[in-house]
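One structure below.
The values are calculated or read from the model by the stated rules, or taken from the named source; none is laboratory data. On a predicted model such as this, the values are computed, not experimentally measured, just so you know. Cβ atoms come from the backbone with ideal geometry, glycine included; neighbour counts cover every protein chain shown. To get the accessible areas, we keep the full protein, side chains included, count just its heavy atoms, and leave off ligands, DNA and RNA. Shrake-Rupley method; radii C 1.70, N 1.55, O 1.52, S 1.80 Å.
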Amino acid sequence: MKPNPVHRLPVALELAVRRLKLVAREASERTVESLGLAALASAGTQQRDGLLGAQFELNRKSAMFALTFNEAFDERLLRELAAGSAVQETAEPAAPTRWDSLSLVDDSEVEAQISADRMVMDIAHGCEWELRELDGYVSALLSDAGAPMERNPLRPDIMAHAMIRGIAAVSERAEIRSVLSAEISRSLAALLPAAYAAVVADLRNAGVQPLGLAVRSRHSPMGGADSRHDTASMESTSGDRALSGHGRHSQGGADDGAGAQGGHGPATHPDALAGHGGTPIGQVDPALMSLMRRLTQVEPGDGGGQGGLAFPGSRASADASGFGSGAIAPPPNLIRAHRDELRQASRGTLDHMVIDVIGFLFDQILADPKVPPQLARQIARLQLPVLRAALGDPNFFASRRHPVRRFVNRIASLGAAFEDFDSEQARGFLTKVRELIQEVVEGDFDQIETYEQKLAALVAFTAEQASREVQAQGDAAALLSEKEDQLRLRQLYAQQLEGDLRDVAAPAFLRDFISQVWSQVLLRAAEQGGTGGALAQRLRRAGSELFLSVQPKATPAHRKVFLAGLPKLIQELNEGMNLIGWPEADRRTFFGQLMPAHAEALKSTAVRQLDVNLMARKVEGALERPLPSEAEVKAATAVLPVLTDEVVVPSFSADEARRVGLVEASAVDWDGKVDIEVGTDVEPEGADAKPAAPGLPALGEPPDPVEGVALVNNVQLGFAYRMHLGGEWQKVRLSHVSPGRTFFIFTHGARHTQAVSLTQRMLVRLAEAGRLRTFESGYLIDRATARARRQLAALSPSS
C-alpha cells in the first residue's frame, strides 16, 4: 500500500523553512553590498565592470530572485518529502526502464547542477555540527507527520539548488551568474550556521525531541533468492536502548571489537551499530574496552583504586547522598591507579600517551579549587568514559564542542554557581547530576548520543530549576515578559509603518522618524485613550501633516497655508515627543534636519497637486492602519530580530523597578575601581594552538569569551559570573533570560537570595566597562589541560 503523501508540513518545520527563506533574502542583500565594496577595491577595469554589473542586476531584480528562490526551495522540499514517502514502497518490484522513456539532459541543467555542487562545497563546511543536531529534530518531525526521511530536506544542497535557480532568474549572462554565485556563496556560508542553530533552538523550545540512530532491516528489491536476505539501513527511532550494567559486561569487548582496526577513526561498518543503537565514539581495542567497562563499576571514593579490580556495589554507593563537605573523601584517580592494566590492554604508543594525558588531566580536574568536593566525587565517576572518548575520537582534543567535553564542563560550570551545597537547590542539582552520571556509566558510554541526551537533560533541568527560583522571588519574570511584549509590539508596528512608507516621496530621515519614533507616540496615545480616541486621531493627523510639510509648495497660497499651520504642527510634534519622553538631544537633531527640508519645500514649485494628493492618501492609510493584535505579535516573534536596538529603554515605574531589582546606569559608579585579581589558569595568548601533548591534535576553536561585549551574547543560564555592583565584586548566577534576550535576571546571596534585573543595553555597558566577567577563567577541561600541559612540560624526558 502506498503511504499517504505529506500535504502540510508540521508548524515547527514551516517556521524553519520561513527562517531559511529569510536567510536567503539577507544573503542577497549582503551580496549587493559586498559586490559594491569589491568593485571599489578591484584593480582592473574589466573586473570592476563585471562586479558593478552583477550588483546592478541583483539589486534591480532582488524581488524576482527571492520569489524564484522560494518557489524552487518549496519545489525541492516537496520532492524530498515525496521521495521519502516513496521509499516505503518495497512490496512491488520496480518496472524495467523502457528505451523510449530515456531523454537527454540539457546543457544548462548540467551547468546548474555543477554550480549547485560547487556552492554546496562552499557553504556546507562551516555548518556540519549544526546540521548534525538538526537532522535528529527534522527526522522526528517528519516521522510524526507520516513521512520518515533518511536525509534532512533542509540541508545545504537544497538551499544551493534553489539559489542557483534564483541567480538564473536575475541574469542570462554567464559571467554575471558566475560572479553572483561566488559572492552569494560567501554570504550564505556566513549566515547558515547561525540560521541552522536558531532552527535547532526553535525546535527544542517547541518541545521537539530529537531521534537517535538505530538499525532496521529492509528486504532487498532484487527478485529470486536474494529477496530472502535483508540489507541494513539506518532509520531514526525515538526509543532509547536500555542496557543493564551486567548485560554490557557479558558482551564486553565483542561489541566494541566489531569492525575494529586498531585505529582511532570512526566506525563505518553497519554491523558496528547493531549492538549499541547509536554512533560509537570511534573504535578501541576490545580488551581495553572490556577493562574500562569493569573499572566504571569501581566507586571512586571506595578505595577500589588500590590496584585490584574490586566491585564494591557501585549503585548502592552511588546512591549515598554525599552531602556535607566533612563526609567527602577526595576521590582517587582511577586511571593513574590502574595505569599498568590499561596500558597492557591497549596497543600502540599513541594509546599509551592518551592514557597518561587523561590521567594527568583528571589529576587537575579533581584538584580544581572551583569544583565543589561534592561535585568532584561525581565527575570522578566519568574518568573511564572520558578516557574511552579520548582513545576513540581525536576530536576530543581538537574541539571544544565535543559532547563529552561539553557534558563535563557544563556539570562543573553549573555546580560552581552554587554558594552553598546545603541549600535545597544545590541538593536537587547534585541529585540530578548523580542520576545522569549513573546512567552514563551503566549504559552506552561509548555512544556519542548518550552524552548529547544527558547534556540536553541537564540543560532542561537547569532551566526548570532557574524558573522555580525566579518565581520564588516574585513576579519579576512575568513583569519583564510583559515589558518585552510591549517592545515587540512597538517593533512590529514600526516595521509595518516602514514597509507602508517605503515608496513615499519624502526625505529618509522623515520616514525613519515616523516609523521608529512616531509609531511609539501612536502606541502610547492608544494606551491612554484607545485607537479611536481624540488624542490618537490628532497625533495621526500630525504625522500626515508632517509628510505634507516637506512637499514642494506650488503656489503662494500653498506657502501661506503652510506657514500659518507650522506653529501648530511643531506644538503637536513636541506633545508627541513628550508623551514618550524622547531625549532632548535627539529632538534637536531631528528639528535640525526638518528646518532645511521646510526651506527647500518653500523654494521648489515643480510638483503636480495630483501627486501630492496621492501621497497624502497613502500616508493617511498607513497611519490609520489598525495596530498589530496580540496574536500577530506572537506569530511574528519567530521572525523578529533580537530586541537590542530599541529607541527607548522600557519604562518602569518606581514600584516596578523595585519589584524586579532593576539596575539603572545611575546606580553604578562608572568611575570606580573595577580591578580584579585574575586566576593563574589563564594561558598566554596562542597557548591553545599547542596540543595537550606531542602527537595529539591541538584545539581548533577559539575559547569562549570571559569578558567584554562578546560575553553578552555568550551568557549561559545557570552559570556564575562576577558583576561589579554597589562598589564591590559580587558572584551572581544567571537565572532568567527573556525570550527576546531583552532582560536578564541574576540572583546572588547564599541564604537571602536577591534578584538583579538588567536590560540588554545595561548588560552591554557593564561588559564594555569591564564590570561583568565569567566566574571561571575557562571551562573545567580547558583549565585542567592548561595545568596538565605545564605539568607535563616540567617533567624530564626520562620520567
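Is it the case that region 622-629 has a residue that's surrounded by fewer than 13 Cβ atoms within 10 Å (Cβ to Cβ), assigned to a helix (DSSP H, G or I) and either modelled with pLDDT of 85 or more or touching a helix residue (DSSP H, G or I) at 6+ places or on another chain (Cβ under 9 Å) (or both)?
Among the residues of region 622-629, not one is surrounded by fewer than 13 Cβ atoms within 10 Å (Cβ to Cβ), assigned to a helix (DSSP H, G or I) and either modelled with pLDDT of 85 or more or touching a helix residue (DSSP H, G or I) at 6+ places or on another chain (Cβ under 9 Å) (or both), which makes the answer no.
Please verify whether region 462-481 includes one or more residues that are modelled with pLDDT under 85, of a type in the set (Asp, Glu) and closer than 30 Å to ARG538 by Cβ.
No.
Check ARG511, ARG490, ARG434 and return the single one that is modelled with pLDDT under 85 and of a type outside the set (Ser, Thr, Tyr). Write out each step before concluding.
Numbers: ARG511 fails: modelled with pLDDT under 85; ARG434 fails: modelled with pLDDT under 85.
Testing whether each residue is modelled with pLDDT under 85 and of a type outside the set (Ser, Thr, Tyr) leaves just ARG490.
Return yes when ARG587 is under 26 Å from ALA525 (Cβ atoms), open to solvent by less than 70 Å² (accessible area, probe 1.4 Å), basic (Lys, Arg) and part of a helix (DSSP H, G or I) and no when it is not. Working first, answer last.
Details: under 26 Å from ALA525 (Cβ atoms): yes; open to solvent by less than 70 Å² (accessible area, probe 1.4 Å): yes; basic (Lys, Arg): yes; part of a helix (DSSP H, G or I): yes.
Criteria met by ARG587.
In region 334-368, what count of residues is obtained for those that are open to solvent by 10 Å² or more (accessible area, probe 1.4 Å), closer than 30 Å to GLN425 by Cβ and in a loop (DSSP other than H, G, I, E, B)?
1
Could you please find all residues in region 590-617 being of a type in the set (Val, Ile, Thr) and in a helix (DSSP H, G or I)?
Our first condition is that a residue be of a type in the set (Val, Ile, Thr); within region 590-617, this holds for 605, 607, 612.
Answer for region 590-617, where residues must be of a type in the set (Val, Ile, Thr) and in a helix (DSSP H, G or I): just VAL612.
Please list, ordered by first then second residue, the pairs with beta carbon atoms under 8 Å, 6 or more apart or interchain, first in region 718-729 and at positive phi, second in a strand (DSSP E or B).
GLY718/ARG733; GLY718/LEU734; GLY718/SER735
Show the residue pairs meeting these rules: Cβ distance below 8 Å; 6+ apart or different chains; first residue within region 525-552 and under 14 Å from PRO507 (Cα atoms); second residue hydroxyl-bearing (Ser, Thr, Tyr).
Partner pairs satisfying both residue conditions: PRO552/SER604; PRO552/THR605.
Take the residues in region 689-726 that are in a loop (DSSP other than H, G, I, E, B) and among the small types (Gly, Ala, Ser), then tell me which one is surrounded by the most Cβ atoms within 10 Å (Cβ to Cβ). Don't jump to the end; show me each part of the working.
Taking region 689-726 and keeping what is in a loop (DSSP other than H, G, I, E, B), we get 690-706, 708, 715-719, 726.
Checking which are among the small types (Gly, Ala, Ser) leaves us with 692-693, 695, 698, 700, 708, 718, 726.
Numbers: ALA692: 25, ALA693: 17, GLY695: 11, ALA698: 12, GLY700: 12, GLY708: 12, GLY718: 22, GLY726: 12.
It comes out as ALA692.
Inside region 790-799, can you point out the residues that are in a helix (DSSP H, G or I) and either surrounded by 19 or more Cβ atoms within 10 Å (Cβ to Cβ) or modelled with pLDDT under 75 (or both)?
If we filter region 790-799 for residues that are in a helix (DSSP H, G or I), which is where we start, we get 790-794.
The answer is LEU792, ALA793, ALA794.
Output the qualifying pairs, or none if there are none: Cβ atoms under 9 angstrom, residues six or more apart or on different chains, first residue in region 777-789 and at pLDDT below 85 and of a type in the set (Lys, Arg), second residue assigned to a helix (DSSP H, G or I) and open to solvent by less than 10 Å² (accessible area, probe 1.4 Å).
Within 9 Å, the pairs are ARG789/ALA687.
Mind checking which helices (runs of 4 or more DSSP H) fall wholly inside region 61-159 and carry at least 1 residues that are under 19 Å from SER28 (Cβ atoms) and at pLDDT below 80? Even if it seems obvious, please write down each step before you answer.
Numbers: elements: 62-86, 107-124, 128-144.
Hits in region 61-159: 107-124.
Could you list, in sequence order, the residues of region 729-752 that are open to solvent by 20 Å² or more (accessible area, probe 1.4 Å) and in a strand (DSSP E or B)? I'd like the intermediate steps shown before the answer.
Step one: of region 729-752, the residues open to solvent by 20 Å² or more (accessible area, probe 1.4 Å) are 729-731, 736-737, 739, 741, 748-752.
Correct list: TRP729, GLN730, LYS731, HIS736, VAL737, HIS748.
Just need a number here: residues in region 484-500 that are surrounded by fewer than 20 Cβ atoms within 10 Å (Cβ to Cβ) and either under 30 Å from ALA601 (Cα atoms) or touching a His at 6+ places or on another chain (Cβ under 7 Å) (or both).
5
Among the residues of region 553-584, count how many are hydrophobic (A, V, I, L, M, F, W, C) and surrounded by fewer than 11 Cβ atoms within 10 Å (Cβ to Cβ).
Within region 553-584, the first condition is being hydrophobic (A, V, I, L, M, F, W, C), and the residues that meet it are 554, 557, 561-564, 566, 569-570, 573, 577, 579-580, 582.
Add one more test, that the residue is surrounded by fewer than 11 Cβ atoms within 10 Å (Cβ to Cβ), and what stays is 557, 564.
Here the count works out to 2.
Of all residues in region 665-680, how many are at pLDDT 75 or above and either surrounded by 10 or more Cβ atoms within 10 Å (Cβ to Cβ) or among the acidic types (Asp, Glu) (or both)?
8
For every residue, the table says whether it meets (1) within 22 Å of ARG490 (Cα to Cα); (2) open to solvent by 20 Å² or more (accessible area, probe 1.4 Å).
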| residue | (1), (2) |
| --- | --- |
| GLN754 | no, yes |
| THR759 | yes, no |
| ARG765 | no, yes |
| ARG771 | no, no |
| PHE775 | no, yes |
